[in-house]
Structures are given as C-alpha cells and as structure tokens.
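Visitor: I have a structure here, written as structure tokens, and I will follow up with some questions on it.
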Amino acid sequence: MSAFSAIGEEREVAQDEFTPSIEPQPTWCPGCGDYGVLKALKGAMAELGKNPEEILLCTGIGCSGKLNSYFDSYGFHTIHGRSLPVARAAKLANDGVEVIAAGGDGDGYGIGGNHFIHTARENHDMTYIVFNNEVFGLTKGQTSPTSPKGHKSKTQPNGNAKTPIRPLSMSLTAGASYVARTAAVNPNQAKEIIKEAIQHDGFSHVDFLTQCPTWNKDAKQYVPYVDIQDSEDYDFDVHDRREAQEAMHETEDALYEGTVLTGRYFVDDERPSYQAEKRARGDMPEGSLAERYFEDGDWERSYDFIDRHA
Amino acid sequence: MTDDELIWRIAGGSGDGIDSTSQNFAKALMRSGLNVFTHRHYPSRIRGGHTYVEIRASSEDVTSRGDGYNFLVALGDSFARNPKENAYYGEEEVKPLAENLDELREGGVIVYDSGLLDTDEIENFDQRVEENDWHVYDVDLRGIAKEHGREIMRNTAGVGVTAALTGIDTSYVEDLMAEAMGGDILEANLNVLHDAYEHVQEEYDADAPDVTVPTGEHDEEQVLVSGSHGIAYGALDEGCRFIAGYPMTPWTDVFTILTNLMPDVGGISEQVEDEIAAAALAVGASHAGAKAMSGSSGGGFSLMSEPLGLAEMTETPLVLVESMRAGPSTGMPTKPEQADLEHVLYTSQGDSHRVVFAPSDPVECYEQTRKAFQIAYDYQIPVMVIYDQKLSGEHRNVPKSTFDEEPNPDLGSVLTEEELEDQPHGETGIYHRFQHEGEEGVSPRSIPGQKGGRYLATGNEHTPEGHISESPSNRKAQVDRRNEKLAAIRESLDADERQEVYGDESADYGIISWGSQSGTVLEAVERLNDDGHPVKGLSVSEMAPFPKELLSEFIESVDDVLVVEMSSTAQFHGVIQKNLGRYGEKLSSLLKYDGNPFEPAEIVEAVEEHGSGEELSSNTRFEAAAGGD
Ligand SMILES: Cc1ncc(C[n+]2csc(CCOP(=O)(O)OP(=O)(O)O)c2C)c(N)n1
Ligand code: SF4
Ligand SMILES: [Mg+2]
C-alpha cells in the first residue's frame, strides 16, 4: 500500500474543496485578473478529479504568489523567482504528485528567467502558470519585463526604454512542449487550457494575462480578446514549430497594439518528458523516490562501493 | 637518505597524469603496510603550470604533510614544449625540477628526466647539490616510456626508478595497475615499470641503495580516501538519494563522487543552471520526501543564501556542503583557506538558524556528514558541512571497517498517514504543521501526497497551519520554538563522546584550531611536547550551535592560547570571542593566507617565539592578544 494514498484516489472532487477556511475571500484588489487564475485552476482541478492532497502548488513572490493562500492544497510559497527549481525537484522526488508552479511576470520572466529557460529546456513534467499583468504589482507598479516600451512608472519616470520580452517565443525556443496564452477575461478558455496543460506530459507553460487595474491604469482589461483557434483570420498548425513561432510573434506584437490574441500556440506530444529521458538512461529510479523511504527494504551502503574509489 | 619517513614528490605539468600515478603509488605504499598522506598542489588550469603531488609515508600515524620532503621525481612539463600548439615556454620546462629544490631536505634524492630536462638551465644546480648533499639520478624517463609505449608513461618510469632506489616491492604497483587497466596499455606500463627498475639496478649499485624507506604493517585492511569521499559516503549511508549542484572547484569533488554513485543506489543527481537553483532543488526534493543535499564553494554558496533562508523559515531539512577556497571573489580557485567561516555562519537575512560542522579529517567528514543528515531531518533545519580545498583533495589511509556501518534512511520527524489522523487540523482539514509547541522545538512534517497532511509552507512568518501572519504573539511563539531546537541540538551534541583535546593535559599553553588544519596542529603539538615544550591542543569541529562549554573550559585551563587558522582577519578568533564574550587578553592568533596550508614547523616556531617579539621566518602572521604587544 502506498504511503501517499491521496495520489490517484478515484473520487468526485468539488470545486469548493479548494477553498480554504482561513482566508476564503482573497485580498486582491477589486477587478484584479488574479481572481481569474484562481477560478480557472479550481475548475480545472475539480474537472480532472484531482484532490487537494495530491496537488503541490509552488508559487513565487508577488500579488500572484498569494495564490497559495486562496487555493487549498499542499503548497509551497517560495521566494521571488524560485518557484520552478523547488517545484521541479519536488516532482522528481515524488512523481505521483501533481506539481503546478505559478508566479508573476517579474518573478518568472525577470528574476527567475534563468530557471524558466532551463526548466522549459529540460521539459520537466509539470505546469507553469505566469500571471502576466505587465507590471510589478506587489511592489507598487514598477516596470516589469513585459511592460510595453514607453511605460512610465516610478522607477522609469521617462518611460521604459526597453523592448518587452517575448514570453511565448522564449518558451518555445527554450524547449517547452506545451505553450498557450489565455486571459482572465476569458474564464472558459482559461479553464480548458489549464486542464490541457496539466494533462500534457512535459513542461506546459501558460502565459495568463491578468489585468492590474491598480497599477496599470492605461491598460488593459484584455478585451476584446480573440481566440486564435476560433478565428478565421488565423490558421496554423500547433504541432508545427515554425508556424507556431510565427503565430507567437504576431501575438506578442499585437498585444502592444491593442489586440489581445489568446489560445494554444504549440503542442508537442512526441517529445518525452525529462523524467522519461532520465529513466531511459538509468539516471532515475522507476518508482517514486519518496515512496521508498516509507517501505521496508534494504538500502545500499557506501561500504559496498568503496573498492571503486579507494 | 635515512629518514624514518618517505616524503615523495612527483612534479610535472598539469595534465601529465601525475594525479593517477601518485594515487596508485600511495595505495601501493599503503598496501605494503605504511600509513600515507597525500597533498596536491596544482594551478587552476587544465594543462601546463607547475604541479606536484606529495606522498608522506611512515610506519607511524600521519596526520599532516611534513616540513619539506626528501624524494623528488621531476618529470618535465609536457605543455611547456608542445610543438603542435607552437608553445615553448623556455624555463617552464625545467620548473618541475627548479621550483621544487627549495623545500628538498638535506640528503634528499633527486630523480629527473634527462630526456627532457637539462640541469645546465638551473642556476647553481651543481653547487646546491653539493651543499645539500643531494643524491642525483638522471634517467631518461621519456626514452624508457617511448620505447615501450607512449610518452605519458614516463610517470610510470618514475615510479619504477623510485622502487629500485628505495627497495620497495613493485608487486603492489603491478597489482594496482592490473586493477586499473588492461590489454596493451597494461602491458606497456608494466614494461616501462620493469625497464626503469632494471635500468637503475644495472646503472647503480643496486645492493646498497642510499635510500631506506620505513616498513610497517596494518592490522586490518586499509582504504585510501579523501575528505570528499568521507562526505559522499556519509551522505549515501544516511539515505541521501538526491543531489543537485553546479560545478565549482573544489566542491566538484563531492558532487562527482555522489553523481557517479546515484544510478547504482536508485538516486537522482541534477546538474542545474546555477547555485540558486541547486539549493532550491534540494529544498524542493526534501520537502517532497527525499533526503537531499547540495553544496558549492564560496562564490556558488553566496548564491545559495536566499534558498538557505527559505529552508530555515519553512523548516525544511537540508544539508549543504561548503568547500572553501581562497577568496574574495574568484580568489585562488585551487588554494585552500578557512575564510568562509563567517559567510557560512551568518549569510541570509534574519537571525541565523542553522547547524554548522567543520570536520578535520576524512573519518570525521564521514561521521559528521551522517550527523548532519540526522540533525537536519530530526530537527527540520539546514545543516552545513564546511571543509576546504586541502581536506577535499588529500588522501589518507583509514581502516576499511570505518565504513562498515548500517544505513539510516529514516526521514526523521515525518508522520505517516495514520499518525496524521491524531494531529490537530483546521476546519476544512488543513494540517497544523507548524504548531507552537513541539518536543525540542520540533513540530512534525507531512509529505505532499499524504492524506490528511496538506499545509502551506511559506517563507513568510506563518501560523500553525502555515497561513501568512504578522501577529506579534504568533511571531514570538514561532521564533521561540525554532530557537528551542538549537538548544536541544547543542545538548545532544554535548552528549556525544569525542576526543577533542590532545597533548600535555597539564600544559598552560593551548593551541586552538578548526577544520582541516587540526592534523597539522596535532603534529606540531607532539613535536613541541617531545622538545620539552608543554602544550595542549583543541580541535573544534562544531561551529554552530557553538560549543561554549568546551571552549571556555579549555581556555580557562591555560594561561595563553594561540588560535591557528587560514584567514587574514582571524575569523575563528572573532567567533570564539563573540560566543564567549571574553578572553580577548588570552587569545593570540597565528594566521596564514598565502594559499598554502600550515606546515607543522610554522606552528612550532610561532609557539616557541610567542612573546619574544621576534619576526617569524615563514609566510605566517602572528597577532598578539588584546593588551599584549
Ligand atoms: C530577491 C527579492 N527581490 C525583490 C523582492 C521584492 N518583490 C516582491 S514581489 C516583486 C515583483 C512582483 O512582480 P511580479 O513578479 O510581476 O508579481 P505581481 O505582483 O505582479 O503578481 C518584487 C520586486 C523580493 N521579494 N525578493
Ligand atoms: S496590485 Fe494589481 S496585481 Fe496586485 S492585487 Fe491589486 S490589481 Fe491585482
Ligand atoms: Mg506582475
């Protein structure tokens, strides 16, 4: 019998199981897009039948990082920019757990950018949701890596001289095997995309447009939006890297010109996940590492290997 | 040469295979019954540069390198004459001979490769040979190597000559070669070895070797291990099956040993994008139910500062290794120093909440790494094992039975699902993971995936259920509980029987050292006592929580104390005073920071000259106690 009986438990899961008793009502500002992520995540998990105790939600620091406080599951509210390395190790160590990482655009594309690139490259079997509000919310509105060129803030009073980062293109180039963009104003699409991302075997990256009415006044309610899969104007194959690349590029440009494009951009079902690659090389045990600590059984000793070195 | 010990030095260029040859020769000496100790000196480059490895062998215990040495094999630097690279470095070629003469003892032996080295290029060579009564053997090592195999095998030829001159039985060397290689390579090496041996016997009077080496006998099987092996084996035997790292000298030693073992023990090793990630991965894996570790050297450890604080705040068990090298910044990558002590003790914001061990030899590396895992997982606290470039690379023989121990994969203070049922939970079932009260300050953990165990771990201050809170009463209760663990850990460490004081117990002069310098101090203390200079020594290897009682008892028992450390700012001296709050007028310092570890004679001299006002002859600095001059 498993020491982790919440994993894979077959039962109906209701959305409100994810609502904690301590702080059932989030303290985000009224109209904040972060509510949309919370709602979509709860809906997706319930529909997939994932229960709170088989989920580990790792967040960074920011308004977005507060997600953990409003979503009842195993949680790890880490430090600014570091949700990914914590999350992917948890998945390697205890691979039955459904691991989700989440954080802001500053957290994931700025201070944690290096981890983003490498986690995508390695194709860890997990989901990463980036709350993209084009601003540093928690620290009061400073310019972020996705802020538009010319964006004024207290730390860039003369307007941002930098061109914003291209999160979708970067993700694709780095190696993510599922890349999508959704928006808080599009709750049904958001929920479906998160479901797909979770079910995808490999690194899934969801760039989630979350309006920040408090600090990003000139923006952006991200309406009207276009779902590129539903629109006749866009026709490309999400399995084709080159076509995806082009669609992403256009989508990233369009955002700063006032057109909000969302949907699935890239899906690679062929590429094995990092854990599969490691196992194929004998670099990772077949079963769950964490489980082994709860089982009876013999453990190897250094004494048995000493002649190799000494 | 009739010393009662052999200190054999083989010198050449980096990349000339000196490491593996000396390793094998050290093992051969060990198997012949001697105690051995190796010391490697190398520059931070892949090829070229003046490199040597020294093996000290004796029938007595050896805990340190010696003062100088008595047998040189100078190979010649192959990089210095690499025609393909169009690289000729003139003098560099003779450096393996020229640069090693200063430390060669009177009456010592020189074997040099006459195929490569020309003594005419060394100033006053013949005169120095005569003055110092050195015995010189010029042998065409390269020629012998080339005749049977490849040029690189000239280090094997050097071993053959050594064996012939010292009368060491070559069968030990042959066995080791057969273990390490096979086929044509083995045959070629054996031919080189024998040819070199016979050459010396024919050329010189083989029946009367002018070098005698000691002989000895071990009463049980020995293995040759470094401090890095000790740490790696300790981790393995505590059930560590997850290691994350980023290469950095000298930490790479431990990282590599464990990485090679992981596939055979069902573990996972991850080389990641940077050290922030490395430490964060160890935190994530530990949180999710594995025994995990990471580590680095100074620069990389700086990057681990924030994840380390996260482990402190979330009470996630974590073991980190810090392998020191000379700093600041990139410093001297291949040189030891003990100047990261304060860095390890205090880095990361807020009150430090950690345990720090500083083992002094390979066996202590093993034992304290095991202890580190036990404490980390029992008390849910980060534990650091701090050592340095010296201990990382030097090899010693230890009884193989040292490692014949039971494994301990216990996860410490973790509950099973059954046990979780009896624990306090919130209204909707959140487990109270961070209760205000706990035995010895510990509130047990659950692991993601367990039914009835969900909670939030956060780097923010938090309530029992892990909820973010800035309530003053909760804050105080949580801080007090976390601090309570440190007191409990100190108590449990005090209960361990350990021998830390050595030398003449009634002496009124004491020497305190920590970590890797202790073996050298031990030898100095023995010599001083033999010379009628009563001294005792204290070796400290538990740096936090600080062993106050042990230190104050020792300091109280003497009139003067010399604190010996490899740091220019006397960090350990400062840590002692900070913790004890007094004794400034008793504590002097002997400091070394030129990149080389202490030699016993340097410590002996400092003690003998203490208070005399005389300048010290070596590259060390004496700092008098407060109020003295
Ligand atoms: C190492 C570090 N640097 C800076 C901060 C301060 N800080 C907290 S959140 C944040 C930026 C938040 O922006 P973003 O990641 O976009 O999240 P948002 O609040 O917009 O959701 C900063 C700079 C920190 N907590 N840690
Ligand atoms: S500051 Fe912006 S991002 Fe933060 S909660 Fe308010 S609206 Fe949301
Ligand atoms: Mg943001």
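Visitor: Starting from one equal scatterer on each C-alpha and no solvent at all, send me the Debye-based log10 I(q)/I(0) for the stretch B:317-448 at q = 0.10, 0.13, 0.16 Å⁻¹, two decimals.
Guide: The calculated log intensity ratios at q = 0.10, 0.13, 0.16 Å⁻¹ are -0.48, -0.72, -0.93.
Visitor: For peptide A:280-291, how many partner chain Cβ atoms fall within 10 Å of a residue's Cβ, on average?
Guide: Working: counts 0, 1, 3, 7, 7, 7, 1, 1, 4, 11, 12, 3.
Rounded to a whole number, the mean comes out at 5.
Visitor: With only alpha-carbon pairs counted, each pair once and no self-pairs, how large is the Kirkwood hydrodynamic radius of the stretch B:417-495 in angstroms?
Guide: After inverting the mean inverse Cα-Cα distance, the result is 13.4 Å.
Visitor: Give me the dipole magnitude in Debye, nearest 20, for the protein assembly as shown about the Cα centre, with unit charges on the beta carbon: positive for Lys and Arg, negative for Asp and Glu.
Guide: Around 4980 debye, computed over the protein assembly as shown.
Visitor: In whole Å and largest first, what semi-axes does the C-alpha gyration tensor of the stretch B:246-306 yield when each eigenvalue is scaled by 5 and square-rooted?
Guide: 18, 15, 8
Visitor: For helix A:113-122, report the angle its Cα long axis makes with the longest principal axis of the Cα atoms of chain A; keep it between 0 and 90° and round to the nearest 10°.
Guide: 50
Visitor: Let me ask another. What total accessible area, in Å², is buried where chains B and A meet, using a 1.4 Å probe and rounding to the nearest 100?
Guide: 5900
Visitor: Under a point-charge model restricted to the Cβ atoms of Lys and Arg (+1) and Asp and Glu (-1), what is the dipole moment magnitude of chain B relative to its Cα centre, in debye to the nearest 20?
Guide: Working: 46 positive and 118 negative charges, 594 e Å.
My answer is approximately 2860 debye.
Visitor: Give the calculated FRET efficiency between B:Gln577 and B:Glu405 to the nearest 0.05, with a Förster radius of 35 Å applied to their Cβ-Cβ distance.
Guide: Once rounded, the FRET efficiency stands at 0.40.
Visitor: So, R0 is 35 Å and r is the distance between the beta-carbons of B:Ala495 and A:Asp283; what FRET efficiency does that work out to, to 0.05?
Guide: 0.30
Visitor: Averaged over every viewing direction, what's the projected area of the C-alpha convex hull for chain A? Give it in nm², one decimal, please.
Guide: Convex hull of Cα atoms, orientation-averaged projection: 18.9 nm².
Visitor: At a 10 angstrom cut-off on C-beta neighbours, averaged per residue, how do the peptides A:42-54, A:143-155 rank from highest to lowest?
Guide: Numbers: A:42-54: 20.5, A:143-155: 18.4.
Taking the mean over residues of other Cβ atoms within 10 Å, the ranking is A:42-54, A:143-155.
Visitor: Are there trypsin sites (Lys or Arg not before Pro) in the stretch A:179-283 that DSSP marks as loop and that have at most 16 other Cβ atoms within 10 Å, and which are they?
Guide: For trypsin sites (Lys or Arg not before Pro) across the stretch A:179-283 that sit outside H, G, I, E and B with at most 16 neighbouring Cβ atoms in 10 Å, the list reads A:Lys217, A:Arg281.
Visitor: Relative contact order for the stretch B:224-403 using alpha-carbon pairs under 8 Å, separation at least 6, rounded to a whole percent?
Guide: Numbers: 405 pairs, mean separation 53.9, N = 180.
Computed over the stretch B:224-403, the figure is 30 percent.
Visitor: Here is a further query. If you line up the long axis of helix B:362-379 against the longest principal axis of chain B, both from Cα atoms, how many degrees apart are they, to the nearest 10?
Guide: 10
Visitor: Considering only B:Cys240, B:Pro359, B:Ser506, whose Cα is most displaced toward the positive end of the charge dipole of the protein assembly as shown, charges sitting on Cβ of Lys, Arg (+1) and Asp, Glu (-1)?
Guide: B:Cys240
Visitor: In peptide B:456-466, how many Cβ atoms from other protein chains are near each Cβ within 10 Å, on average?
Guide: Mean shielding by partner chains, rounded to a whole number: 5.
Visitor: How many percent of DSSP beta bridges within the protein assembly as shown run antiparallel, rounded to 5? Kindly include the intermediate steps, with their values, before the conclusion.
Guide: Values: 43 of 127 bridges.
Antiparallel bridges: around 35 percent, rounded to the nearest 5.
Visitor: Not counting ligands, DNA or RNA, and with a 1.4 Å probe, what is A:Ser169's accessible surface area in Å² rounded to the nearest 10?
Guide: Approximately 10 Å² of A:Ser169 is accessible to the 1.4 Å probe.
Visitor: Could you give the C-alpha radius of gyration of the stretch B:501-623 expressed as a fraction of 2.2 N^0.38 Å, taking N as the number of residues it contains?
Guide: Working: Rg = 13.2 Å, N = 123, 2.2 N^0.38 = 13.7 Å.
The value comes to 0.96.
Visitor: Of B:Gly299, B:Gly230, B:Ala311, which is farthest along the charge dipole of the protein assembly as shown in the positive direction, counting Lys and Arg as +1 and Asp and Glu as -1 at C-beta?
Guide: B:Ala311
Visitor: Another question, if that's okay. Just which residues of the stretch A:38-85 lose 50 Å² or more accessible area with every protein chain there, against their chain alone, with the probe set to 1.4 Å?
Guide: A:Glu53, A:Asp72, A:Tyr74, A:Phe76, A:His77, A:Ile79, A:Arg82
Visitor: Let me ask you something else. Could you check the simple spin-label distance between B:Ser20 and A:Asp296, using points 7 Å along Cα→Cβ, in nm with one decimal?
Guide: Each label point lies 7 Å from its Cα, and together they span 4.6 nm.
Visitor: With unit charges on the beta carbons (Lys and Arg positive, Asp and Glu negative) and the dipole taken about the Cα centre of the stretch B:417-495, which residue among B:Tyr431, B:Val442, B:Tyr455 sits farthest to the positive side?
Guide: Working it through, the farthest residue towards the positive pole turns out to be B:Tyr455.
Visitor: I'd like the FRET efficiency for B:His432 and A:Ala14, computed as 1/(1 + (r/R0)^6) with the beta carbon distance as r and R0 of 22 Å, rounded to 0.05.
Guide: The value I calculate is 0.40.
Visitor: When the Cα centres of the stretch B:391-460 and the stretch A:51-68 are compared, how far apart do they sit, in Å?
Guide: 21
Visitor: Moving on to the next point. For the stretch B:5-203, what is the charge dipole size about the Cα centre, in debye to the nearest 20, if Lys and Arg each add +1 at the Cβ and Asp and Glu each add -1 at the Cβ?
Guide: Computed about the Cα centre, the dipole is about 860 debye.
Visitor: Rounded to the nearest 5, what % of the DSSP beta bridges within the stretch B:470-559 are antiparallel ones?
Guide: That works out to approximately 40 percent antiparallel.
Visitor: Just to check, using Stokes-Einstein with a Kirkwood Rh over alpha carbon pairs, what's the diffusion coefficient of chain B at 10 °C and 1.306 mPa s in µm²/s? Intermediate values should be presented prior to the final figure.
Guide: Values: Rh = 26.4 Å.
For the chosen part, D equals 60 µm²/s.
Visitor: Check B:Val540: other-chain or 5+ apart residues with amide H under 5 Å from its amide H, H built from backbone geometry?
Guide: For B:Val540, the qualifying residues are B:Ser513, B:Trp514, B:Gly515.
Visitor: Contour minus end-to-end for B:Ser305 and B:Glu221, with contour as 0.36 nm per residue of separation and end-to-end as the Cα-Cα distance? Write out the running numbers ahead of the final one.
Guide: Details: separation 84, 0.36 × 84 = 30.24 nm, distance 4.19 nm.
Gain in length upon complete extension: 26.0 nm.
Visitor: Then there is this: May I ask you to derive the relative contact order of chain B, considering only C-alpha pairs under 8 Å and at least 6 residues apart, and to give it as an integer percent?
Guide: Computed value for chain B: 11 percent relative contact order.
Visitor: Taking Cα atoms, how many degrees apart are the long axis of helix B:600-609 and the longest axis of chain B, rounded to 10 and kept between 0 and 90?
Guide: Approximately 80 degrees, to the nearest ten.
Visitor: In units of 2.2 N^0.38 Å, what is the alpha-carbon radius of gyration of the stretch B:224-403?
Guide: The value comes to 0.92.
Visitor: Please report how far the C-alpha centroid of the stretch B:132-171 lies from that of the stretch B:573-629, rounded to the nearest whole angstrom.
Guide: Answer, in whole Å: 43.
Visitor: Please compute one quarter of the surface area of the Cα convex hull for the protein assembly as shown and express it in square nanometres.
Guide: 43.4
Visitor: Go through A:31-38, B:481-488, B:159-166, A:203-210 and give me the packing order, highest mean Cβ count within 10 Å leading.
Guide: Descending mean neighbour count gives A:203-210, B:159-166, A:31-38, B:481-488.
Visitor: What distance in nm lies between label points placed 7 Å from Cα along the C-beta direction at B:Ala487 and B:Ser617?
Guide: Distance between label points: 5.3 nm.
Visitor: Please report the relative contact order for the stretch B:84-201, taking Cα pairs under 8 Å with a sequence separation of at least 6, and give it as a percent rounded to a whole number.
Guide: Reported as a whole number, the value is 23 percent.
Visitor: Report, in whole Å, the centroid distance computed from the Cα atoms of the stretch A:226-240 and the stretch A:125-196.
Guide: Their Cα centres are 20 Å away from one another.
Visitor: Between the DSSP loop rule and a limit of at most 15 other Cβ atoms within 10 Å, which trypsin sites (Lys or Arg not before Pro) in the stretch B:559-588 are left?
Guide: B:Arg582
Visitor: Return the distance in nm (one decimal) between the two label points of a simple spin-label model at B:Ser59 and B:Asp4, each offset 7 Å from Cα along Cα→Cβ.
Guide: In this crude spin-label approximation the distance works out to 0.9 nm.
Visitor: Within a 10 angstrom radius of each residue's Cβ in B:399-409, how many Cβ atoms of other chains show up on average? Whole number is fine. Display every interim value, and only then the final one.
Guide: On the way: counts 0, 4, 1, 3, 7, 5, 3, 3, 6, 1, 8.
Partner-chain Cβ atoms within 10 Å, mean over residues of B:399-409: 4.
Visitor: With every protein chain present, what is the per residue accessible area of the protein assembly as shown (1.4 Å probe, Å²)?
Guide: On the way: 35220 Å² over 939 residues.
Ligands and nucleic acids excluded, the result is 38 Å² per residue.
Visitor: Quick one: divide the alpha-carbon radius of gyration of the stretch A:120-220 by 2.2 N^0.38 Å and tell me what you get. Present the calculation step by step, with values, prior to reporting the outcome.
Guide: Details: Rg = 14.9 Å, N = 101, 2.2 N^0.38 = 12.7 Å.
In units of the 2.2 N^0.38 Å rule of thumb, it is 1.17.
Visitor: Restricting to chain B, compute how many DSSP beta bridges are antiparallel as a %, nearest 5.
Guide: 40
Visitor: Quick check on packing: order B:610-617, A:88-95 by the mean number of other C-beta atoms within 10 Å, highest mean leading.
Guide: Most protected by this proxy first, the peptides run A:88-95, B:610-617.
Visitor: Given only helices, namely DSSP H runs of n ≥ 4 each adding -39500 (n - 2.57), what is the per-residue ellipticity at 222 nm of chain B, to the nearest 500 deg cm²/dmol?
Guide: -11000 deg cm²/dmol
Visitor: For the protein assembly as shown, which whole percent of the accessible surface, found with a 1.4 angstrom probe, sits on carbon and sulfur atoms?
Guide: 45
Visitor: Within the stretch B:354-457, which GluC sites (Glu not before Pro) sit in a loop by DSSP and count at most 12 neighbouring Cβ atoms inside 10 Å?
Guide: For GluC sites (Glu not before Pro) across the stretch B:354-457 that sit outside H, G, I, E and B with at most 12 neighbouring Cβ atoms in 10 Å, the list reads B:Glu427, B:Glu437.
Visitor: Taking only the Cα atoms of the stretch B:118-237, how large is their convex hull per residue, in Å³?
Guide: Each residue corresponds to 186 Å³ of Cα convex hull volume.
The values are calculated or read from the model by the stated rules, or taken from the named source; none is laboratory data. Predicted model, so just to flag it, every value in this text is computed and none were measured. Glycine gets a Cβ as well: all are built from the backbone with ideal geometry, and neighbour counts include every protein chain shown. All accessible areas refer to the heavy atoms of the entire protein, side chains included, with ligands and DNA or RNA removed. Shrake-Rupley method; radii C 1.70, N 1.55, O 1.52, S 1.80 Å.
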